[in-house]
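Report on the following structure.
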Amino acid sequence: MEKTAIIAGASGLIGRSLTQNLLQSKNYGQVIALVRKPLGIQHEKLKELTVDFDHLSEMSDFPTGDDIFCCLGTTMKKAGSKEAFYKVDFTYCYELAKKGLEAGGDRFFLVSAMGSNIKSRFFYNRVKGELEDKVSFLNYRTIYMFKPSLIRGPREERRAGEKFAQFITRVIPFFGPWKKYKPIHADKIVDAMMKVARQEDKGCYFYESEIMQKM
């Protein structure tokens, strides 16, 4: 039986690739993208729903989907402040998870980050850790969390982390204890997400870069 996928963050590096993969998958009959502006993609299985993420919790017509994919995220530089960053990387994501569950969602897929820890001394990692903790308590049948290291791939905007990833990939041998820090291409993350989407698990699962690289 074909499923319905709901994706938020479809315009980003991972989200764009994931959306294309979902549209090509025989397992999904419809893909609903929650967007701020049109994606510029034409496909018979794609439905775009314009959403004000600032008021997601008040949305009365949230769509029903089997699998909810959260690829939302920003950077401190783009957000401009800790408060704005928190709004995107925690509030938007957590409200999406809650609304998806309320609307009958069965599984939740979250792109988080390596090093996420609510007790971290780094603000970015604390926010990611808080989100993981909160989402893990939601009553989905299955929750998958993907925790990549530095992400490689073609973006519309250049990020400092990308240049750093390219540099350290050339100069650091990622063996032994360093292996888990090896930068990962966005397509590898999407491949991992699509593979676990074909599984019938129950519970909460975490996938870090080293595991995704092998999938």
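From the helices alone, meaning DSSP H stretches of at least four residues, give me the mean residue ellipticity at 222 nm for the chain, per-run term -39500 (n - 2.57), in deg cm²/dmol to the nearest 500.
The helix contribution divided over the chain gives -10000 deg cm²/dmol.
Which far-off residues, 5 or more places away or on another chain, put their amide H under 5 Å from the one on Ile7, with H placed in the peptide plane?
Distant-sequence amide H within range of Ile7: Ile32, Ala33, Leu34, Phe69.
Could you pull out the trypsin sites (Lys or Arg not before Pro) across the range 54-157 that fall in loop regions by DSSP (anything but H, G, I, E, B) with no more than 15 other Cβ atoms inside 10 Å?
Lys119, Arg121, Arg141, Arg155
Below 8 Å between Cα atoms, with a sequence gap of 6+, how large is the relative contact order for the range 3-214 in percent?
18 percent
With 25 Å as the limit, write out which pairs from Lys45/Lys128; Lys87/Lys119; Lys26/Lys78; Lys3/Lys47; Lys45/Lys134 have Cα-Cα distances beyond it, or answer none.
As for pairs spanning more than 25 Å Cα to Cα, those are Lys45/Lys128; Lys26/Lys78; Lys45/Lys134.
From the phi of every residue in the range 134-141, what ³J(HN,Hα) in whole Hz does the Karplus formula 6.51 cos²θ - 1.76 cosθ + 1.60 yield, where θ is phi - 60° and glycine or proline is x?
Going residue by residue, I get 5, 5, 4, 8, 6, 8, 6, 5 Hz, with x marking Gly and Pro.
Can you work out ³J(HN,Hα) from phi for every residue in the range 75-80, in order, using Karplus 6.51 cos²θ - 1.76 cosθ + 1.60 and θ = phi - 60°, giving whole Hz and x for Gly and Pro?
After applying 6.51 cos²θ - 1.76 cosθ + 1.60, I find 10, 4, 4, 6, 5, x Hz.
In sequence order, what are the phi-derived ³J(HN,Hα) couplings for the range 15-21 according to the Karplus relation 6.51 cos²θ - 1.76 cosθ + 1.60 with θ = phi - 60°, rounded to whole Hz, with x for glycine and proline?
x, 4, 5, 5, 4, 4, 5
Specify the angular offset, from 0 to 90 degrees and rounded to the nearest 10, of the alpha carbon long axis of helix 186-197 from the longest principal axis of the alpha carbons in the chain.
That helix lies at roughly 50 degrees to the long axis.
Send over the semi-axes of the range 3-214's equivalent ellipsoid, whole angstrom and largest first, taken as the square roots of 5 times the C-alpha gyration tensor eigenvalues.
The answer is 26, 19, 18 Å, longest axis first.
Values quoted throughout were computed directly from the atomic coordinates according to the rules given, and no laboratory measurement underlies them. Quick caveat: nothing in here was measured; it's all calculated off a predicted structure. Heads up, the Cβs are rebuilt from the backbone with ideal geometry, glycines too, and the neighbour counts pull from every protein chain shown.
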